[in-house]
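Below you'll find the structure, written out as structure tokens, and then a few comments.
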Amino acid sequence: MKTFAIAKRVLTELSRDKRTLALMFVAPILIILLLSLIFSASSTTNTKMGVVAVPTKLEQRLDDTEHVTVKRYTTESAAKKALKTDRIDAIVQHKDNQYDLTYANVDAAQTTAAKMAFKNALTNQTITGLQQKLAQTTAALAAVTHQQPQKQQSTKQVKIINHYAYGDADTGFFNKILPILIGFFVFFFVFFISGMALLRERTSGTLDRLLATPVKRYEIVFGYMLSYGVLAIIQTLVIVLVTILILGVQVVGNIGSLVLINLLLALVALSFGILLSTFANSEFQMMQFIPIVVIPQVFFTGIIPLDSMANWVQVISYVMPIRYSGAASSAIMLRGTHLSALWPEMIVLLVFLVISTILNITGLKRYRKV
């Protein structure tokens, strides 16, 4: 009977905790719906290929390939510039009897699709040429049956050379998602640790004693952000350097730029963690924010191509900080983009930081109106 009495008491307390009930029943439904929207999206890989001095017939066959878009460039330098700025995924260049293919290689699926598209187009072109030659030879033989047979013209073997702007032939999907994973781990741990730490100070009474002093609200917020910001800097450096040195991942761009982007994300996570900790009454309630705030961001960061989703689903990604840090980190690591070209992503992250900081300062009014 005592067991049933304890169970009744626990159930009664849980029934009064609306946040816990929402976490148990509403959050899983929301996440499942998000997964359904994302994974039901088209898995087709669209590839953009640039061609330089490629025969017209082969270019046309490439352009006729489903899910392949072809753009002609007059010079190799113009094509490489387009490749670096992510306007195309591969370059096909023809010289003498040789084809040089250069792949951006930031997405293994697009690299494979470009290879297959070129191979099929070249095979079809070769078969068509052989068929035409066979028809011409047959017609000539029929017309000059009693004449000296002509010598067969030798066909030179086409040479194909593959080049990779990033990585090599063994570069896989992990290299594509790694810049996003770095940002996710930075955001998750800074968000969780900072939120838990401030919550502990509030529940233990430390924050109340601090609020009893003449210190201003913004000074409290900036003080917490400065102290945990130092830890965020160290953590960001550790994650980035371990990824590069231990995993041996190639970084085309500047490592300092990569650290700066993730440090900016860490400050955003720090501010978010402090903000949401003000709405939690216990560490368990703080953990309840993780499925709502952190996990959904993984689905809208580019791990799954956003352009394959419906437009209204893509709109959700614009309120996800990791989306911008992931795009910037990918550009630095995979394409060598300079930091000056990433100012839109940096501005958005700064906007997130400023807004959440203002909300933090305003949120302290519930504890002390000074």
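The values are calculated or read from the model by the stated rules, or taken from the named source; none is laboratory data. This structure is a prediction, so every number in the text was calculated from the model and none was measured. No Cβ is skipped: glycine too gets one built from the backbone with ideal geometry, and neighbour counts run over all protein chains shown. Accessible surface areas use protein heavy atoms only, side chains included; no ligands, DNA or RNA. Shrake-Rupley method; radii C 1.70, N 1.55, O 1.52, S 1.80 Å.
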Across the range 50-96, what is the total count of residues that are of a type in the set (A, V, I, L, M, F, W, C) and out of contact with any His (no Cβ under 9 Å at 6 or more places or on another chain)? 10
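Let's see how each residue does on (1) aromatic (Phe, Trp, Tyr); (2) surrounded by 15 or more Cβ atoms within 10 Å (Cβ to Cβ); (3) over 30 Å from ALA104 (Cα atoms); (4) at pLDDT below 80:
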| site | (1), (2), (3), (4) |
| --- | --- |
| LEU226 | no, no, yes, no |
| LEU237 | no, no, no, no |
| VAL252 | no, yes, no, no |
| LEU263 | no, yes, no, no |
| ILE274 | no, yes, yes, no |
| SER282 | no, no, yes, yes |
Please state which one of VAL249, VAL215 is assigned to a loop (DSSP other than H, G, I, E, B) and in contact (Cβ under 8 Å) with a residue 24 or more places away in the chain. VAL249
In the range 91-114, anything closer than 14 Å to LYS159 by Cα and either part of a helix (DSSP H, G or I) or not β-branched (Val, Ile, Thr) (or both) is listed as GLN93, HIS94, LYS95, ASP96, ASN97, GLN98, TYR99, ASP100, LEU101
Looking at SER329, SER340 in this structure, which one is part of a helix (DSSP H, G or I) and open to solvent by 50 Å² or more (accessible area, probe 1.4 Å)? SER340
Search the range 254-273 for residues that are in contact (Cβ under 8 Å) with a residue 12 or more places away in the chain and hydroxyl-bearing (Ser, Thr, Tyr) and pair each with any residue that is open to solvent by 10 Å² or more (accessible area, probe 1.4 Å) and assigned to a helix (DSSP H, G or I) when their beta-carbon atoms are under 7 Å apart and the residues are at least 6 apart or on different chains. SER257/LEU339; SER271/MET225; SER271/LEU353; SER271/THR357
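Per-residue answers, yes or no, for (1) part of a loop (DSSP other than H, G, I, E, B); (2) at pLDDT 85 or above; (3) on the phi < 0 side of the Ramachandran plot:
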| site | (1), (2), (3) |
| --- | --- |
| LEU23 | no, no, yes |
| ALA27 | no, no, yes |
| ILE32 | no, no, yes |
| SER36 | no, no, yes |
| SER43 | yes, no, yes |
| LYS48 | no, yes, yes |
| VAL51 | no, yes, yes |
| VAL54 | yes, yes, yes |
| LEU62 | no, yes, yes |
Please determine whether any residue of the range 87-95 is within 16 Å of ALA169 (Cβ to Cβ) and open to solvent by less than 40 Å² (accessible area, probe 1.4 Å). yes
